[in-house]
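Notes follow the structure.
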Amino acid sequence: MKKLNLLLCALLISGCSWFDGEDESEIKPAELVAFEQQAVIKKQWSTKIGGSNKKFWGSLRPAASDDSVFAAAHEGQVSAFDIESGKRRWGTDLDVSLSGGVGYAVGQVLVATSEGEVYALDAGNGSVIWMANVSSEVLASPQGNGNIVAVQTIDNKLFVLDANTGDTLWQHEDDAPLLTVRGTSSPLLTDRMVLAGFDSGKLIAFNPENGSLIWESRLALPKGRTDLERMVDIDSQALLIDDVIYAASYQGRLGALSRGTGRSLWTQDSSSHSAPAYSRGQVYISEADSTVRAFNSGGGQVLWSNEQLFLRRVTGPAKLGSYIAVADAEGYLHVLDLQDGHFVARTKVDGSGVSAPMLTVGDSLIIQSNSGSLSAFKIQ
């Protein structure tokens, strides 16, 4: 199976050299337009966690417990920081090439490597609890619930491990298209369900105890004549709000499904690599061309669309106070109004850019930059 780092190059082949400014024939990312700031973004703290490899900028994201933030660098460093002050609580060097993480569940910090190794660390002191092997590279955060740990691999497999020992309990292999985007989604876990999205555009809910099928739903159907046109990968974690699951696929759809049965409640044509966000009865998505859109969570109606960040390679949206925020490849944090999507604030986070999904913890937004800085921001 081919895994190509196509990203938006599937839409615009010339887009692979965004921001280099060397070829005037290329379609370029939107220039930032000045606006009157209506809110103030305050940096609470910032620290350094270690450098990263460009190949894994988007796959190493922070996670959090009630009082700590956990972050990892590609070179193998995993660290815990006080969520209020940013003070380092512990640091562990695994001396491996980390490619997937960070996940957190019930006292365990979870990371994985490009060689298919999964590590569970003690969230209190960073010591290794266990290490397990899966079939191939992991490009998403392992997820746990205290009883099991679920890991998706780049070869379109799902592994479910015992949270205490790392032993494999069961696994599932889905059909793999010939051509896919380089990336995988993180599983969504509850006490009664493991939900995984696959390169085929399918969402599958499994019984966590034995891997038996609860339901299967196809979020997107392949369309077009070429393998490139027919890619419908689900490369982001689904979002569970009450009894409704929201999920997005590349070159496919954003949809809402019933948690219990997988029945489709509504769909809208959309193309995204990023997880949706939710606030105040609205679902937000960053599309593959960096358009940010808002939908009514109940019926799926498009409420607004902001196209002013076109091709700036924005992250998925994240809640920040009473607003929604995205960051871009030049390192700017953009804060948007929930009701109509206009900009209310902007600040420069880090000149290296931001690719990893951002993390909302209470009123704070935790951002890991491409250069390995970790920062917390609030709206003042």
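The values are calculated or read from the model by the stated rules, or taken from the named source; none is laboratory data. Predicted model, so just to flag it, every value in this text is computed and none were measured. Ideal geometry is used to build each Cβ from the backbone, glycine not excepted, and the neighbour counts take in all protein chains shown.
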Next item on the list: Would you mind telling me which numbered condition in (1) among the hydrophobic types (A, V, I, L, M, F, W, C); (2) surrounded by 18 or more Cβ atoms within 10 Å (Cβ to Cβ); (3) more than 14 Å from the chain's Cα centre (by Cα) I241 fails?
Entry: (2)
Next item on the list: Tell me which residues, restricted to the stretch 304-337, are surrounded by fewer than 18 Cβ atoms within 10 Å (Cβ to Cβ) and either polar (S, T, N, Q) or within 23 Å of D243 (Cβ to Cβ) (or both).
Entry: S305, S322
Checklist line | Residues that are modelled with pLDDT of 95 or more and either within 14 Å of the chain's Cα centre (by Cα) or buried (at least 22 other Cβ atoms within 10 Å of the Cβ) (or both), drawn from the stretch 249-264 | finding: L254, G255, A256, L257
Checklist line | Members of the stretch 84-136 that are surrounded by fewer than 16 Cβ atoms within 10 Å (Cβ to Cβ) and part of a strand (DSSP E or B) | finding: R88, G91, D93, D122, V128, M131, N133
Notebook entry, point to check: Before we move on, is R61 basic (K, R) and surrounded by 20 or more Cβ atoms within 10 Å (Cβ to Cβ)?
Noted result: yes
Note to self: Which condition from (1) in contact (Cβ under 8 Å) with a residue 24 or more places away in the chain; (2) out of contact with any Asp or Glu (no Cβ under 6 Å at 6 or more places or on another chain) is the one that K348 breaks?
What the structure shows: (1)
Next item on the list: Scan the stretch 313-326 and give yes if some residue there is over 15 Å from S286 (Cβ atoms) and assigned to a strand (DSSP E or B), otherwise no.
Entry: no
Check: In the list V106, V128, which residue meets the criterion of being at pLDDT below 95 and over 19 Å from the mean Cα position of the chain (by Cα)?
Finding: V106
Item checked: Those residues of the stretch 206-219 which are in a strand (DSSP E or B) and either within 19 Å of the chain's Cα centre (by Cα) or among the acidic types (D, E) (or both), in sequence order -> E216
